1. Where in the chain are the DSSP H helices whose alpha-carbon span along the long axis reaches 15 Å or more and whose Kyte-Doolittle mean is at least -0.5?
2. For Arg325 and Glu134, calculate 0.36 nm times their separation in residues minus their Cα-Cα distance, and state this gained length in nm to one decimal.
3. When the gyration tensor of region 249-404 is built from Cα positions, what are the square roots of 5 times its three eigenvalues, in whole Å, from largest to smallest?
4. What is the set of long-range amide H partners of His101 at a cut-off below 5 Å, with H atoms built 1.01 Å from backbone N?
5. Testing the spin-label approximation: label points 7 Å from Cα along Cα→Cβ at Gln78 and Leu21. State their distance in nm.
6. For region 78-135, treating each Cα as an identical point scatterer without solvent, what Debye log10 I(q)/I(0) comes out at q = 0.21, 0.27, 0.30 1/Å?
7. Subtract the Cα-Cα distance of Asp291 and Glu246 from 0.36 nm times their separation in residues, and report this length gain in nm to one decimal.
8. Out of region 174-260, which chymotrypsin sites (Phe, Trp or Tyr not before Pro) are coil in DSSP terms and have no more than 14 other C-beta atoms within 10 Å?
Amino acid sequence: MDKKTKRNIGLVLAATILLALLLFIQERDAAIVSELERKSYGEGKKKETLEVTIGEEKLEDPFEIEINERAYGEQELQRVFGQAMEELPKIILGENESLDHVEQNLNLVTAMPDQPIEIRWESQRRDIIDATGEIQGENLSGEGDLVELQGLLTYGKEEALYIVNVMVYPRTLTKKEEMIESLRNLVTSSEEQSRQEAVVKLPKEVNGKTLIWEQKKEYKSIWILVLGTVAAILLWMQEKQKKQKEQEKKERQMRMDYPEIVNGIALLVGAGLTVKNAWKKIVDNYEEQKDKKKKRFAYEEMANAMREMQGGITESECYEHFGKRIGISPYVKLGTILSQNLRKGTKGLTEVLSKEAGRAYEERRQMAKKQGEEVSTKLLFPMSLMLIVVLVIVIVPAFLSISL
């Protein structure tokens with residue numbers, strides 16, 4: 001286990017112990033109670049479960065107490081009723097400007113906001129406005145209709161009566177609304193006159209203006225275009241991400257193979273082979289085992305370089321092309337080392353390659369260690385989620401059992 005994992009485990013354990021200690025202190029301090037707090041007005045009942053000791057004997061079963069919400073006193077209730085009646089005219093007004101001129105539906109609420117008071121409404125003219133505040137427009141006269149509304153305010157067994165008079169008028173229409181109303185009347189009339197026919201003829205004009213009727217356009221083609229474009233972008237991003245992952249996997253594989261390639265060239269050159277023959281020997285060995293093993297990209301590039309040599313390109317250029325095609329710094333360096341030693345002579349090449357192989361093996365070891373750390377880091381997240389779940393299972397019941 002590495003230092004980072006040990007540190008993370010230590011931090012989690014320390015936080016767990018600290019939280020448990022704080023909770024234990026809170027539970028200990030809150031253990032003995034002499035009074036229980038009620039919920040405020042209108043917040044409802046609550047239940048408390050306590051352990052009771054009578055004398056020196058502790059009851060085995062917990063003792064459950066049901067506590068009602070705080071109740072208003074007589075004077076306080078009168079004040080609350082009075083305050084509610086002062087607020088009701090503004091509340092029931094709705095979108096109207098005044099109760100003396102009502103054109104829109106009223107907002108006859110069944111309970112006072114932020115107060116435990118219920119309201120039941122009665123209308124003396126249900127043909128004009130019903131108990132929900134909805135105006136019956138077909139029964140209105142143009143001169144206005146006076147309607148008395150009675151609201152019975154209730155708190156427990158206590159009641160208070162609120163009475164308000166409103167003047168209800170037909171709704172004042174804008175020019176556009178008048179046009180739409182006339183159009184609706186024309187369509188209704190046409191529909192009623194053609195009840196026995198297979199089709200309904202739509203009016204061609206309203207108030208002297210020509211009408212053009214069209215089916216409502218849903219523009220599904222735009223949504224298909226948008227969804228198709230999004231899908232194409234997602235597919236492109238997925239393919240790009242796939243290629244990126246394949247490239248990373250390919251590069252990782254080539255970096256892992258690099259120490260073996262350098263070491264193999266160094267051993268064969270040290271055994272007396274030329275660099276070209278050593279190169280060919282490694283390629284031939286790979287070709288023989290190719291069907292049995294997975295494709296190795298670095299060895300494939302070595303085979304390409306060998307074919308270039310056989311095609312007439314100079315050995316020095318082939319090594320340089322090899323490094324540039326792969327594009328990874330260790331291979332570029334290897335191609336440069338081999339190319340330069342061909343120009344200067346192979347003296348000391350074995351030592352240079354041996355050092356490079358040693359450095360490459362150390363780099364591969366660091367790479368393997370880094371990959372192991374990445375795996376442990378990925379595992380840390382699900383472990384953290386499991387710890388959170390365990391803490392919730394333990395702490396939530398403890399907090400719920402604490403008397404607040």
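FYI, it's all coordinate maths here, none of it is from the lab. This one's a predicted model, so the numbers in the text were calculated from it and none came from an experiment. Positions of Cβ are generated from backbone atoms using ideal geometry, with glycine treated the same way; all protein chains shown enter the neighbour counts.
1. Details: long enough: 3-29 (39 Å, 0.59); 74-92 (26 Å, -0.40); 175-193 (27 Å, -1.14); 220-270 (73 Å, -0.25); 275-289 (22 Å, -1.35); 297-310 (20 Å, -0.67); 315-326 (17 Å, -1.23); 329-344 (22 Å, -0.30); 349-400 (76 Å, 0.49).
Flagged H segments are 3-29, 74-92, 220-270, 329-344, 349-400.
2. Working: separation 191, 0.36 × 191 = 68.76 nm, distance 8.09 nm.
Value of the extension gain: 60.7 nm.
3. Working: eigenvalues 532, 51, 32 Å².
Sorted largest first and rounded, they come to 52, 16, 13 Å.
4. Met167
5. 5.9 nm
6. Scattering profile of region 78-135, log10 relative to I(0): -0.84, -1.18, -1.29.
7. Details: separation 45, 0.36 × 45 = 16.20 nm, distance 2.11 nm.
In short, 14.1 nm is gained.
8. Within region 174-260, the qualifying chymotrypsin sites (Phe, Trp or Tyr not before Pro) (loop, at most 14 other Cβ atoms within 10 Å) are Trp213, Tyr219.
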